[in-house]
Amino acid sequence: MKRINLSLELGTGIEKLGLTTVKTDPVRLNQIVTNLLSNAIRFTAMSGIRRITLKYDVSFDPPVNDACVMPGQPKLPKQILDDQPIYLYFAVTDTGPGMTESELEMLFQRFSQVSLKTHTIFGGSGLGLFVCRLGGKIDVTSQKGKGSTFRFFIEAKTCQVPPKEIEINKESKELSKKSALMKSKKKDIFQFDGKKPHVLIVEDNLINQTVLARQLRHCNITCDVASNGLEALEKIRLVSSVDVPHVQPFDCVLMDLEMPVMDGLTALDHIREEEAAGKLKKNLVIALTGNARQGQIDEAKARGMDEVIIKPYRLDDLLQKVEEMMKIRVSEASNPTSPNLNH
């Protein structure tokens, strides 16, 4: 991928209102922003001009008629109390290929594929649902051949932190840094008891995919990546087919569930079917998902997922779980009468 000019623009409300902390759901907000940036990167990577701008502003004034833009300059109220409604405004602008009117109409339907040309690039990620849960709305303006701007706002609450508490937090952070430094000297990264795994990361969010791949490589773990279930299935077939004996298979597949082209559970169905038919060797597949509902977790395991890990997660916890599941696999292979790992 060629270099992309990525910039952050902070609006006047950030400094004018002087707010350093607000109350909101940071996990969902992070998912929204990273999804928008990831899609912008995918589209812009194909363009002659590669530029992405993330704009962020804050105001006590709600949007007018549910528009996703801030209504004029932010005004400072006479008094700021705890738990006052406050609105966060975001916009991600790219110089990608843009979209037609028909593509725009389909854009925020969950899992819809915008067009045959773009369905492998832009994944349905339920962004509208996430934004609505945060008391906001998302929209997009786009011009074919020029680029797109995705705008959204969410409603948050003010959080007045007393000066003494700020100082305590600073001291606490310094102590945490020192503690983390001491721990890192004792143990830089998670250490596998046995061999380190060769991992396939299946993730349509390019930012999440890149970050996890870099983290694993930093731990001297080899990995490959796929952006959807179909791509993952093709890569697994190349290295796990029973008639391909001299290729290193994946010791673990880390599979996102919601992806374009082919979702994680559909890919898993194909993997398990081909294993049962004797076409593929056994694969260890662990789901990585931001959906923590027990029903979805149970369904994933019932379909044959070996384990489900909820995002966000600590890297050490992820690697520990991978090692644990790999040991179970080895135990199963040496003791065929033991219960099957797949449910």
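Every read-out reported here was derived from the displayed coordinates using simple, explicitly stated rules and does not represent laboratory data. Predicted model, so just to flag it, every value in this text is computed and none were measured. Every residue, glycine among them, receives a Cβ derived from its backbone with ideal geometry; neighbour counts consider all protein chains shown.
Before moving on, here are some points about what is shown:
- When you work out D = kT/(6 pi eta Rh) for the range 210-260 at 25 °C and 0.890 mPa s, using the Kirkwood radius from C-alpha pairs as Rh and the Stokes-Einstein form, the result is 201 µm²/s.
- Extension gain (nm, one decimal) between K78 and T53, 0.36 nm per residue minus Cα-Cα: 5.7 nm
- Pairs from K146/K235; K23/K137; K146/K311 whose Cα-Cα separation, in the structure shown, is over 25 Å: K146/K235; K146/K311
- Ranked by the mean number of other Cβ atoms within 10 Å per residue, highest first, peptides 17-28, 55-66, 296-307 order as 296-307, 55-66, 17-28.
- Full extension of the chain between D243 and R293 gives 14.1 nm of extra length, using 0.36 nm per residue less the Cα-Cα distance.
- Shape of the range 202-343 from the C-alpha gyration tensor: rounded (a/c under 1.5, with a ≥ b ≥ c the square roots of its eigenvalues).
- Cross-link partners for K16 among the aspartates and glutamates, with Cα-Cα distance under 13 Å and sequence neighbours closer than 8 places in the same chain left out: D57.
- Qualifying aspartates and glutamates (Cα of each under 18 Å from Cα of K327; at least 8 residues distant if same chain): D193, D251, D306, E307, D316, D317
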